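J.: Supplied in C-alpha coordinates, the structure appears directly below.
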Amino acid sequence: MDVSGGRGQPRPGNDESAEHTGPEAQAPGGTGDGPTTPSAPTPADGTDARPEGHTPGPGAPPPERGTPQVTGAAPDDAPAPGQDRHRTPAHTEPVADRPARPSQAPAGRPEHPDHPFAHSGSGKGQPPQRPEERKRGGLLMGRPFGVPVYVAPSWFLVAILITWVFGGQIDRVLPELGAVSYLVSLFFAVAFYASVLVHELAHTLAALRFKLPVRRIQLQFFGGVSEIEKEAETPGREFVLAFVGPLLSLVLAGLFYLGLLAVDPGSVPGVLLAGLMVSNLIVAAFNLLPGLPLDGGRMLRAVVWAITGKPMTGTVVAAWVGRALAVCVLIGLPLLTQSGALGSDAVDNVGMDTVLDALLAAILAAIIWTGAGNSLRMARLREHLPELRARTLTRRAVPVESDTPLSEGLRRANAAGARALVVVDADGVPVSLVREAAIVGVPEHRRPWVPVGTLAQDITEGMRVSAELAGEELLDALRATPATEYLVVEETGEIYGVLSAADVERAFVKAMARPS
(Lines give C-alpha, C1' and ligand atoms only; values in the text may rest on other atoms or scores of the structure.)
Protein backbone atom coordinates (compact mmCIF):
# COMPACT_ATOMS: atom_id res chain seq x y z
CA MET A 1 0.00 0.00 0.00
CA ASP A 2 1.10 3.57 -0.58
CA VAL A 3 2.28 5.30 2.54
CA SER A 4 2.70 8.78 1.05
CA GLY A 5 0.34 11.75 1.01
CA GLY A 6 -2.14 10.24 3.43
CA ARG A 7 -4.48 9.06 0.66
CA GLY A 8 -3.76 5.36 0.76
CA GLN A 9 -3.98 5.03 -3.05
CA PRO A 10 -1.85 2.24 -4.58
CA ARG A 11 0.82 3.32 -7.02
CA PRO A 12 2.64 1.26 -9.63
CA GLY A 13 6.25 0.22 -9.28
CA ASN A 14 9.07 1.03 -11.62
CA ASP A 15 11.60 -1.78 -11.36
CA GLU A 16 11.91 -5.50 -11.52
CA SER A 17 10.01 -7.73 -9.15
CA ALA A 18 11.50 -8.13 -5.72
CA GLU A 19 11.05 -11.82 -6.20
CA HIS A 20 13.37 -11.97 -9.19
CA THR A 21 15.41 -15.08 -8.65
CA GLY A 22 17.74 -15.05 -11.60
CA PRO A 23 18.07 -17.68 -14.31
CA GLU A 24 15.66 -20.60 -14.19
CA ALA A 25 18.30 -23.07 -15.35
CA GLN A 26 19.41 -25.52 -12.70
CA ALA A 27 22.94 -26.71 -12.21
CA PRO A 28 23.23 -30.47 -12.53
CA GLY A 29 23.76 -32.08 -9.16
CA GLY A 30 23.56 -28.79 -7.38
CA THR A 31 27.22 -27.96 -7.93
CA GLY A 32 27.28 -25.84 -11.08
CA ASP A 33 27.44 -22.09 -11.32
CA GLY A 34 24.51 -21.63 -13.68
CA PRO A 35 24.33 -19.25 -16.63
CA THR A 36 26.60 -16.28 -17.14
CA THR A 37 25.77 -13.32 -14.94
CA PRO A 38 25.41 -9.68 -16.08
CA SER A 39 28.61 -7.76 -16.79
CA ALA A 40 30.07 -5.27 -14.35
CA PRO A 41 28.41 -1.83 -14.26
CA THR A 42 30.02 1.09 -16.03
CA PRO A 43 28.20 4.22 -14.82
CA ALA A 44 28.73 7.24 -17.00
CA ASP A 45 27.78 9.99 -14.63
CA GLY A 46 28.34 8.49 -11.21
CA THR A 47 24.64 8.42 -10.35
CA ASP A 48 23.78 4.84 -11.20
CA ALA A 49 25.63 1.97 -9.64
CA ARG A 50 23.78 -0.82 -11.45
CA PRO A 51 23.98 -1.86 -15.12
CA GLU A 52 21.25 -0.78 -17.47
CA GLY A 53 20.25 -4.39 -17.99
CA HIS A 54 18.21 -4.15 -14.80
CA THR A 55 15.85 -1.38 -15.86
CA PRO A 56 12.06 -1.79 -15.59
CA GLY A 57 10.37 -4.15 -17.97
CA PRO A 58 8.41 -2.90 -20.97
CA GLY A 59 5.10 -1.30 -20.22
CA ALA A 60 5.91 -0.48 -16.59
CA PRO A 61 4.18 2.83 -15.71
CA PRO A 62 6.35 5.59 -14.26
CA PRO A 63 6.37 6.22 -10.51
CA GLU A 64 4.85 9.29 -8.94
CA ARG A 65 6.97 11.64 -6.87
CA GLY A 66 9.48 9.01 -5.75
CA THR A 67 7.08 7.35 -3.36
CA PRO A 68 8.34 4.17 -1.71
CA GLN A 69 5.86 1.34 -1.36
CA VAL A 70 5.68 -1.64 0.93
CA THR A 71 5.74 -5.34 0.42
CA GLY A 72 5.50 -8.12 2.96
CA ALA A 73 8.70 -9.77 4.06
CA ALA A 74 9.34 -13.39 3.38
CA PRO A 75 9.18 -15.86 6.28
CA ASP A 76 12.29 -16.28 8.34
CA ASP A 77 12.01 -20.00 8.98
CA ALA A 78 13.00 -21.47 5.63
CA PRO A 79 15.32 -24.43 5.93
CA ALA A 80 18.97 -23.84 5.50
CA PRO A 81 21.17 -25.43 2.98
CA GLY A 82 24.21 -27.46 2.93
CA GLN A 83 23.81 -29.61 6.00
CA ASP A 84 24.64 -33.33 5.89
CA ARG A 85 23.48 -35.39 8.83
CA HIS A 86 25.40 -38.61 9.41
CA ARG A 87 23.24 -40.73 11.70
CA THR A 88 23.95 -43.81 13.72
CA PRO A 89 20.84 -46.01 14.06
CA ALA A 90 19.88 -48.28 15.95
CA HIS A 91 19.91 -44.79 17.19
CA THR A 92 18.81 -42.60 14.38
CA GLU A 93 16.39 -39.78 14.91
CA PRO A 94 15.64 -37.43 12.04
CA VAL A 95 16.12 -33.77 12.64
CA ALA A 96 13.05 -32.48 10.82
CA ASP A 97 13.72 -29.89 8.16
CA ARG A 98 10.73 -27.64 8.09
CA PRO A 99 9.39 -27.18 4.58
CA ALA A 100 9.56 -23.71 3.18
CA ARG A 101 6.28 -21.78 3.34
CA PRO A 102 5.01 -19.44 0.70
CA SER A 103 5.89 -15.82 1.32
CA GLN A 104 3.41 -14.14 3.62
CA ALA A 105 2.86 -10.46 4.11
CA PRO A 106 2.24 -9.05 7.58
CA ALA A 107 -1.30 -7.96 8.37
CA GLY A 108 -2.11 -4.68 6.72
CA ARG A 109 0.85 -4.93 4.32
CA PRO A 110 -0.24 -6.84 1.22
CA GLU A 111 2.61 -8.33 -0.73
CA HIS A 112 3.32 -6.45 -3.94
CA PRO A 113 6.74 -7.50 -5.20
CA ASP A 114 6.73 -5.04 -8.14
CA HIS A 115 6.96 -2.00 -5.92
CA PRO A 116 10.25 -0.28 -5.22
CA PHE A 117 11.76 0.02 -1.76
CA ALA A 118 10.28 -3.18 -0.37
CA HIS A 119 10.18 -2.90 3.38
CA SER A 120 12.53 -5.34 5.04
CA GLY A 121 12.93 -4.05 8.56
CA SER A 122 11.32 -4.82 11.88
CA GLY A 123 13.03 -8.13 12.34
CA LYS A 124 12.01 -9.55 8.96
CA GLY A 125 14.12 -10.03 5.91
CA GLN A 126 16.89 -11.90 7.68
CA PRO A 127 18.80 -14.49 5.63
CA PRO A 128 17.36 -18.02 5.73
CA GLN A 129 18.32 -19.61 9.01
CA ARG A 130 18.79 -23.20 9.99
CA PRO A 131 16.35 -24.46 12.62
CA GLU A 132 19.37 -25.41 14.75
CA GLU A 133 20.42 -21.76 14.87
CA ARG A 134 17.36 -20.94 16.95
CA LYS A 135 17.36 -23.81 19.40
CA ARG A 136 19.84 -25.48 21.68
CA GLY A 137 20.94 -29.03 21.05
CA GLY A 138 20.40 -30.14 24.64
CA LEU A 139 22.97 -30.48 27.42
CA LEU A 140 26.48 -29.52 26.29
CA MET A 141 28.91 -32.27 27.31
CA GLY A 142 32.14 -31.01 25.77
CA ARG A 143 33.91 -29.94 22.57
CA PRO A 144 36.21 -32.70 21.30
CA PHE A 145 38.23 -31.45 18.32
CA GLY A 146 36.35 -28.16 18.67
CA VAL A 147 32.96 -29.71 17.85
CA PRO A 148 30.26 -29.33 20.54
CA VAL A 149 28.66 -32.56 21.77
CA TYR A 150 25.08 -32.28 23.05
CA VAL A 151 22.90 -34.81 24.85
CA ALA A 152 19.25 -34.37 23.93
CA PRO A 153 16.57 -34.81 26.62
CA SER A 154 15.26 -37.87 24.74
CA TRP A 155 18.51 -39.67 25.56
CA PHE A 156 17.58 -39.85 29.23
CA LEU A 157 14.32 -41.63 28.35
CA VAL A 158 16.23 -44.22 26.33
CA ALA A 159 18.82 -44.59 29.10
CA ILE A 160 16.01 -45.36 31.55
CA LEU A 161 14.51 -47.89 29.12
CA ILE A 162 17.88 -49.60 28.55
CA THR A 163 18.52 -49.69 32.31
CA TRP A 164 15.16 -51.35 32.93
CA VAL A 165 15.38 -53.93 30.12
CA PHE A 166 19.07 -54.84 30.48
CA GLY A 167 18.81 -54.78 34.27
CA GLY A 168 16.19 -57.53 34.13
CA GLN A 169 18.48 -59.62 31.93
CA ILE A 170 21.42 -59.16 34.29
CA ASP A 171 19.19 -60.12 37.22
CA ARG A 172 18.39 -63.44 35.51
CA VAL A 173 22.08 -64.17 34.78
CA LEU A 174 23.46 -62.87 38.09
CA PRO A 175 20.59 -63.06 40.62
CA GLU A 176 22.97 -62.54 43.51
CA LEU A 177 23.42 -58.88 42.50
CA GLY A 178 19.87 -57.96 43.45
CA ALA A 179 19.08 -54.28 42.92
CA VAL A 180 22.71 -53.62 42.00
CA SER A 181 21.97 -55.21 38.62
CA TYR A 182 20.13 -52.03 37.58
CA LEU A 183 23.14 -49.93 38.54
CA VAL A 184 25.27 -52.18 36.32
CA SER A 185 22.67 -51.79 33.57
CA LEU A 186 22.85 -47.99 33.86
CA PHE A 187 26.61 -48.23 33.42
CA PHE A 188 25.99 -50.31 30.28
CA ALA A 189 23.64 -47.62 28.88
CA VAL A 190 26.28 -44.93 29.38
CA ALA A 191 29.03 -47.15 27.90
CA PHE A 192 26.85 -47.98 24.90
CA TYR A 193 26.26 -44.31 24.12
CA ALA A 194 29.96 -43.66 24.61
CA SER A 195 30.57 -46.14 21.78
CA VAL A 196 27.93 -44.30 19.74
CA LEU A 197 29.86 -41.10 20.38
CA VAL A 198 33.03 -42.80 19.07
CA HIS A 199 31.07 -43.77 15.95
CA GLU A 200 30.05 -40.14 15.42
CA LEU A 201 33.54 -38.85 16.16
CA ALA A 202 34.78 -41.05 13.33
CA HIS A 203 32.45 -39.21 10.94
CA THR A 204 33.53 -35.89 12.44
CA LEU A 205 37.25 -36.53 12.11
CA ALA A 206 36.82 -37.67 8.51
CA ALA A 207 34.80 -34.52 7.74
CA LEU A 208 37.42 -32.28 9.34
CA ARG A 209 40.11 -34.14 7.42
CA PHE A 210 38.27 -33.22 4.20
CA LYS A 211 37.87 -29.62 5.44
CA LEU A 212 34.10 -29.96 5.87
CA PRO A 213 32.76 -27.96 8.84
CA VAL A 214 30.86 -29.89 11.50
CA ARG A 215 28.16 -27.96 13.37
CA ARG A 216 27.73 -30.36 16.29
CA ILE A 217 27.30 -33.94 17.46
CA GLN A 218 24.07 -34.80 19.23
CA LEU A 219 23.26 -37.92 21.24
CA GLN A 220 19.53 -38.45 21.17
CA PHE A 221 16.73 -40.99 21.00
CA PHE A 222 18.05 -44.15 19.30
CA GLY A 223 21.59 -42.84 19.08
CA GLY A 224 23.49 -39.94 17.56
CA VAL A 225 23.96 -37.61 14.63
CA SER A 226 26.93 -35.68 13.26
CA GLU A 227 25.76 -32.52 11.54
CA ILE A 228 28.18 -31.85 8.69
CA GLU A 229 27.50 -28.51 7.04
CA LYS A 230 28.78 -29.15 3.52
CA GLU A 231 28.59 -31.97 1.04
CA ALA A 232 31.67 -34.00 0.16
CA GLU A 233 33.23 -32.81 -3.08
CA THR A 234 33.74 -36.25 -4.61
CA PRO A 235 31.96 -39.62 -4.39
CA GLY A 236 35.13 -41.17 -3.01
CA ARG A 237 35.18 -38.80 -0.07
CA GLU A 238 31.45 -39.33 0.45
CA PHE A 239 32.02 -43.10 0.64
CA VAL A 240 34.87 -42.76 3.13
CA LEU A 241 32.92 -40.24 5.21
CA ALA A 242 30.02 -42.70 5.53
CA PHE A 243 32.04 -45.89 5.99
CA VAL A 244 34.29 -44.79 8.86
CA GLY A 245 31.38 -44.83 11.33
CA PRO A 246 30.35 -48.49 10.91
CA LEU A 247 34.04 -49.39 10.64
CA LEU A 248 34.72 -47.92 14.10
CA SER A 249 31.71 -49.77 15.51
CA LEU A 250 33.12 -53.03 14.15
CA VAL A 251 36.52 -52.22 15.65
CA LEU A 252 34.90 -51.55 19.03
CA ALA A 253 33.01 -54.85 18.82
CA GLY A 254 36.33 -56.60 18.18
CA LEU A 255 37.98 -54.89 21.14
CA PHE A 256 35.10 -55.86 23.44
CA TYR A 257 35.38 -59.44 22.19
CA LEU A 258 39.10 -59.54 23.04
CA GLY A 259 38.30 -58.16 26.47
CA LEU A 260 35.64 -60.83 26.93
CA LEU A 261 38.24 -63.54 26.34
CA ALA A 262 40.22 -62.27 29.32
CA VAL A 263 37.39 -62.37 31.90
CA ASP A 264 34.83 -64.82 33.24
CA PRO A 265 31.74 -64.64 30.96
CA GLY A 266 29.54 -65.19 34.04
CA SER A 267 30.93 -62.17 35.89
CA VAL A 268 29.75 -58.57 35.79
CA PRO A 269 32.62 -57.50 33.46
CA GLY A 270 31.86 -60.46 31.22
CA VAL A 271 28.17 -59.59 30.92
CA LEU A 272 28.97 -55.92 30.21
CA LEU A 273 31.61 -56.73 27.57
CA ALA A 274 29.31 -59.23 25.87
CA GLY A 275 26.47 -56.70 25.79
CA LEU A 276 28.70 -53.98 24.36
CA MET A 277 30.13 -56.34 21.75
CA VAL A 278 26.68 -57.38 20.54
CA SER A 279 25.28 -53.84 20.60
CA ASN A 280 28.16 -52.47 18.50
CA LEU A 281 27.77 -55.31 16.01
CA ILE A 282 24.09 -54.42 15.69
CA VAL A 283 24.92 -50.73 15.24
CA ALA A 284 27.46 -51.52 12.52
CA ALA A 285 25.19 -53.98 10.69
CA PHE A 286 22.17 -51.70 10.82
CA ASN A 287 24.11 -48.69 9.58
CA LEU A 288 25.50 -50.68 6.65
CA LEU A 289 22.01 -51.27 5.25
CA PRO A 290 22.02 -49.58 1.81
CA GLY A 291 19.40 -46.88 2.24
CA LEU A 292 19.34 -43.27 3.35
CA PRO A 293 19.61 -41.88 5.98
CA LEU A 294 21.83 -44.76 7.12
CA ASP A 295 25.56 -44.78 6.48
CA GLY A 296 25.07 -47.63 4.03
CA GLY A 297 22.68 -45.39 2.13
CA ARG A 298 25.34 -42.71 1.84
CA MET A 299 27.76 -45.34 0.59
CA LEU A 300 25.19 -46.43 -2.03
CA ARG A 301 24.69 -42.79 -2.97
CA ALA A 302 28.45 -42.40 -3.46
CA VAL A 303 28.57 -45.48 -5.73
CA VAL A 304 25.65 -44.27 -7.89
CA TRP A 305 27.19 -40.79 -7.94
CA ALA A 306 30.50 -42.23 -9.18
CA ILE A 307 28.76 -44.26 -11.90
CA THR A 308 26.39 -41.55 -13.18
CA GLY A 309 28.40 -38.44 -12.30
CA LYS A 310 25.24 -36.94 -10.73
CA PRO A 311 24.98 -36.66 -6.94
CA MET A 312 21.24 -35.96 -7.21
CA THR A 313 20.71 -39.31 -8.96
CA GLY A 314 22.63 -41.04 -6.17
CA THR A 315 20.48 -39.35 -3.56
CA VAL A 316 17.22 -40.32 -5.28
CA VAL A 317 18.26 -43.96 -5.61
CA ALA A 318 19.54 -44.25 -2.02
CA ALA A 319 16.49 -42.43 -0.61
CA TRP A 320 14.00 -44.73 -2.32
CA VAL A 321 15.98 -47.78 -1.22
CA GLY A 322 15.78 -46.31 2.28
CA ARG A 323 12.01 -46.07 2.02
CA ALA A 324 11.87 -49.68 0.88
CA LEU A 325 13.98 -50.63 3.91
CA ALA A 326 11.53 -48.77 6.14
CA VAL A 327 8.67 -50.91 4.83
CA CYS A 328 10.74 -54.08 5.28
CA VAL A 329 11.58 -53.13 8.88
CA LEU A 330 7.94 -52.32 9.65
CA ILE A 331 6.69 -55.68 8.38
CA GLY A 332 9.70 -57.96 8.67
CA LEU A 333 11.07 -57.24 12.15
CA PRO A 334 7.94 -58.34 14.07
CA LEU A 335 7.64 -61.46 11.88
CA LEU A 336 11.28 -62.42 12.44
CA THR A 337 10.99 -61.87 16.18
CA GLN A 338 7.77 -63.86 16.47
CA SER A 339 9.18 -66.74 14.40
CA GLY A 340 12.28 -67.01 16.60
CA ALA A 341 14.65 -66.32 13.70
CA LEU A 342 16.51 -63.71 15.76
CA GLY A 343 17.44 -66.19 18.48
CA SER A 344 14.42 -65.92 20.78
CA ASP A 345 11.75 -68.54 21.25
CA ALA A 346 8.96 -68.64 18.68
CA VAL A 347 5.71 -67.07 19.87
CA ASP A 348 2.30 -68.45 18.85
CA ASN A 349 0.12 -65.88 20.58
CA VAL A 350 0.13 -62.09 20.75
CA GLY A 351 1.59 -60.86 24.02
CA MET A 352 3.28 -57.79 25.45
CA ASP A 353 6.61 -58.73 23.87
CA THR A 354 4.99 -58.90 20.44
CA VAL A 355 3.41 -55.49 20.91
CA LEU A 356 6.74 -54.00 21.98
CA ASP A 357 8.47 -55.54 18.97
CA ALA A 358 5.85 -54.07 16.64
CA LEU A 359 6.18 -50.67 18.33
CA LEU A 360 9.97 -50.75 17.98
CA ALA A 361 9.64 -51.71 14.31
CA ALA A 362 7.20 -48.85 13.70
CA ILE A 363 9.55 -46.34 15.33
CA LEU A 364 12.57 -47.53 13.33
CA ALA A 365 10.56 -47.56 10.10
CA ALA A 366 9.29 -44.03 10.71
CA ILE A 367 12.82 -42.81 11.41
CA ILE A 368 14.20 -44.34 8.21
CA TRP A 369 11.28 -43.16 6.06
CA THR A 370 11.42 -39.61 7.40
CA GLY A 371 15.21 -39.47 7.07
CA ALA A 372 15.01 -40.61 3.44
CA GLY A 373 12.46 -37.87 2.72
CA ASN A 374 14.65 -35.27 4.40
CA SER A 375 17.60 -36.39 2.28
CA LEU A 376 15.55 -35.84 -0.87
CA ARG A 377 14.53 -32.35 0.28
CA MET A 378 18.10 -31.40 1.12
CA ALA A 379 19.28 -32.66 -2.27
CA ARG A 380 16.65 -30.53 -4.00
CA LEU A 381 17.75 -27.55 -1.93
CA ARG A 382 21.38 -28.00 -3.04
CA GLU A 383 20.25 -28.35 -6.62
CA HIS A 384 18.52 -24.97 -6.49
CA LEU A 385 21.16 -23.13 -4.46
CA PRO A 386 23.19 -21.94 -7.47
CA GLU A 387 20.12 -19.90 -8.54
CA LEU A 388 20.69 -17.58 -5.57
CA ARG A 389 23.20 -15.14 -7.05
CA ALA A 390 24.08 -11.78 -5.57
CA ARG A 391 24.19 -10.19 -9.03
CA THR A 392 20.68 -11.15 -10.04
CA LEU A 393 19.12 -10.32 -6.67
CA THR A 394 20.84 -6.97 -6.11
CA ARG A 395 18.77 -3.79 -6.51
CA ARG A 396 19.99 -0.80 -8.49
CA ALA A 397 21.26 1.97 -6.24
CA VAL A 398 22.14 5.64 -6.58
CA PRO A 399 24.83 7.33 -4.46
CA VAL A 400 23.77 10.40 -2.48
CA GLU A 401 25.54 12.61 0.05
CA SER A 402 24.51 12.56 3.67
CA ASP A 403 22.84 15.99 3.65
CA THR A 404 20.74 15.27 0.55
CA PRO A 405 17.02 15.69 1.31
CA LEU A 406 15.09 12.44 1.24
CA SER A 407 12.70 13.73 -1.40
CA GLU A 408 15.64 14.57 -3.69
CA GLY A 409 17.24 11.17 -3.12
CA LEU A 410 13.99 9.43 -4.02
CA ARG A 411 13.63 11.60 -7.11
CA ARG A 412 17.10 10.60 -8.29
CA ALA A 413 16.38 6.95 -7.60
CA ASN A 414 13.14 7.04 -9.59
CA ALA A 415 14.81 8.91 -12.46
CA ALA A 416 17.51 6.23 -12.66
CA GLY A 417 15.08 3.34 -12.22
CA ALA A 418 16.83 2.40 -8.95
CA ARG A 419 15.37 1.02 -5.76
CA ALA A 420 18.03 1.80 -3.16
CA LEU A 421 20.08 4.73 -1.82
CA VAL A 422 23.75 4.56 -0.81
CA VAL A 423 25.20 7.42 1.25
CA VAL A 424 28.70 8.37 0.11
CA ASP A 425 31.27 10.82 1.46
CA ALA A 426 32.84 13.73 -0.44
CA ASP A 427 35.19 11.32 -2.22
CA GLY A 428 32.37 9.04 -3.35
CA VAL A 429 33.21 6.27 -0.88
CA PRO A 430 30.06 4.48 0.44
CA VAL A 431 29.64 4.92 4.19
CA SER A 432 26.04 3.90 4.94
CA LEU A 433 22.82 2.48 3.50
CA VAL A 434 19.47 4.23 3.75
CA ARG A 435 17.13 1.87 5.55
CA GLU A 436 13.87 1.12 3.76
CA ALA A 437 11.98 0.84 7.02
CA ALA A 438 13.07 4.38 7.89
CA ILE A 439 11.96 5.72 4.48
CA VAL A 440 8.53 4.21 4.93
CA GLY A 441 8.16 5.91 8.31
CA VAL A 442 8.74 9.44 7.00
CA PRO A 443 5.55 11.21 5.81
CA GLU A 444 5.80 12.69 2.33
CA HIS A 445 5.32 16.29 3.46
CA ARG A 446 8.42 16.02 5.71
CA ARG A 447 10.75 14.41 3.17
CA PRO A 448 12.17 17.66 1.74
CA TRP A 449 13.48 18.53 5.24
CA VAL A 450 14.81 15.09 6.27
CA PRO A 451 18.46 14.38 5.27
CA VAL A 452 19.06 10.85 4.04
CA GLY A 453 21.98 10.51 6.45
CA THR A 454 19.58 10.46 9.41
CA LEU A 455 17.88 7.38 7.97
CA ALA A 456 21.05 5.46 7.13
CA GLN A 457 22.84 2.57 8.79
CA ASP A 458 26.64 2.54 8.84
CA ILE A 459 28.22 -0.06 6.59
CA THR A 460 30.24 -2.55 8.62
CA GLU A 461 32.72 -4.95 7.06
CA GLY A 462 30.21 -7.81 7.16
CA MET A 463 27.62 -5.70 5.33
CA ARG A 464 29.88 -5.41 2.28
CA VAL A 465 29.47 -8.50 0.09
CA SER A 466 30.92 -9.46 -3.27
CA ALA A 467 28.77 -9.45 -6.38
CA GLU A 468 30.32 -12.82 -7.27
CA LEU A 469 28.79 -14.64 -4.28
CA ALA A 470 26.18 -17.27 -5.03
CA GLY A 471 24.45 -20.23 -3.43
CA GLU A 472 25.68 -21.42 -0.07
CA GLU A 473 28.54 -18.90 0.05
CA LEU A 474 26.03 -16.07 -0.28
CA LEU A 475 23.81 -17.44 2.49
CA ASP A 476 26.81 -18.00 4.77
CA ALA A 477 27.96 -14.39 4.23
CA LEU A 478 24.51 -13.04 5.10
CA ARG A 479 24.17 -15.29 8.16
CA ALA A 480 27.57 -14.17 9.44
CA THR A 481 26.36 -10.55 9.70
CA PRO A 482 22.55 -10.37 10.06
CA ALA A 483 21.18 -7.16 8.52
CA THR A 484 18.29 -6.00 6.36
CA GLU A 485 20.42 -4.54 3.55
CA TYR A 486 23.94 -5.17 2.27
CA LEU A 487 26.21 -3.20 -0.02
CA VAL A 488 27.19 -5.29 -3.04
CA VAL A 489 30.53 -4.41 -4.60
CA GLU A 490 32.65 -5.62 -7.49
CA GLU A 491 36.09 -7.13 -6.90
CA THR A 492 37.52 -3.72 -7.75
CA GLY A 493 35.53 -2.14 -4.92
CA GLU A 494 33.08 -0.41 -7.28
CA ILE A 495 29.49 -0.18 -6.04
CA TYR A 496 27.22 -2.71 -7.73
CA GLY A 497 24.02 -2.08 -5.75
CA VAL A 498 22.15 -2.97 -2.57
CA LEU A 499 21.03 -6.47 -1.66
CA SER A 500 17.94 -6.82 0.53
CA ALA A 501 17.81 -9.87 2.79
CA ALA A 502 14.06 -9.98 2.14
CA ASP A 503 14.71 -10.45 -1.59
CA VAL A 504 17.14 -13.29 -0.89
CA GLU A 505 14.65 -14.97 1.38
CA ARG A 506 11.83 -14.71 -1.13
CA ALA A 507 14.09 -16.10 -3.87
CA PHE A 508 15.12 -18.94 -1.56
CA VAL A 509 11.51 -19.89 -0.84
CA LYS A 510 10.55 -19.60 -4.50
CA ALA A 511 13.45 -21.81 -5.61
CA MET A 512 12.56 -24.46 -3.03
CA ALA A 513 8.93 -24.47 -4.21
CA ARG A 514 9.90 -25.44 -7.76
CA PRO A 515 10.19 -29.17 -8.50
CA SER A 516 13.56 -30.63 -9.41
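The values are calculated or read from the model by the stated rules, or taken from the named source; none is laboratory data. Computed from a predicted model, the values in this text were never measured in an experiment. For neighbour counting, all protein chains shown are included, and Cβ atoms are generated from backbone atoms with ideal geometry for every residue, glycine included. The protein model used for the area step is the full one, side chains on, heavy atoms only, and it has no ligands, DNA or RNA in it. Shrake-Rupley method; radii C 1.70, N 1.55, O 1.52, S 1.80 Å.
J.: Whole number in Å², please: accessible area per residue of region 455-507, 1.4 Å probe, ligands, DNA and RNA not counted.
T.: Dividing the accessible area of region 455-507 by its residue count gives 33 Å².
J.: Once you list every other residue whose beta carbon is under 12 Å from the beta carbon of T481, what net charge do they have if Lys and Arg are +1 and Asp and Glu are -1?
T.: -1
J.: Residue farthest toward the positive end of the dipole of region 346-458, with Cβ of Lys/Arg at +1 and Asp/Glu at -1: which of T404, T454, L376?
T.: T404
J.: Now, a different point. Could you sort F210, F188 by their accessible area in this structure, using a 1.4 Å probe and putting the largest first?
T.: Greatest to least solvent exposure: F210, F188.
J.: Could you give the nm distance between label points at V429 and L258, where each point is 7 Å from its Cα heading toward the beta carbon?
T.: 6.4 nm
J.: Excluding ligands and nucleic acids, what accessible area in Å² is computed for M463 using a 1.4 Å probe, to the nearest 10?
T.: So the heavy atoms of M463 present about 10 Å² to solvent.
J.: In addition: Give or take rounding to whole Å, what are the principal axis extents of the alpha carbon atoms in region 387-483, in descending order?
T.: So the extents along the principal axes, rounded to whole Å, are 43, 27, 24.
J.: Okay, next question. For region 385-516, with only Lys/Arg (+1) and Asp/Glu (-1) charged at the beta-carbon, what is the dipole magnitude about the Cα centre, in debye rounded to 20?
T.: 700 debye
J.: If you place +1 on the Cβ of every Lys and Arg and -1 on the Cβ of every Asp and Glu, how big does the dipole about the Cα centre of region 218-282 come out, in debye to the nearest 20?
T.: 200 debye
J.: When the Cα centres of region 411-483 and region 218-274 are compared, how far apart do they sit, in Å?
T.: Taking the Cα centre of each part, region 411-483 and region 218-274 sit 52 Å apart.
J.: With charges set only on the Cβ (+1 for Lys and Arg, -1 for Asp and Glu), what does the dipole of region 152-269 come to about its Cα centre, in debye to the nearest 20?
T.: The calculated dipole for region 152-269 is roughly 280 debye.
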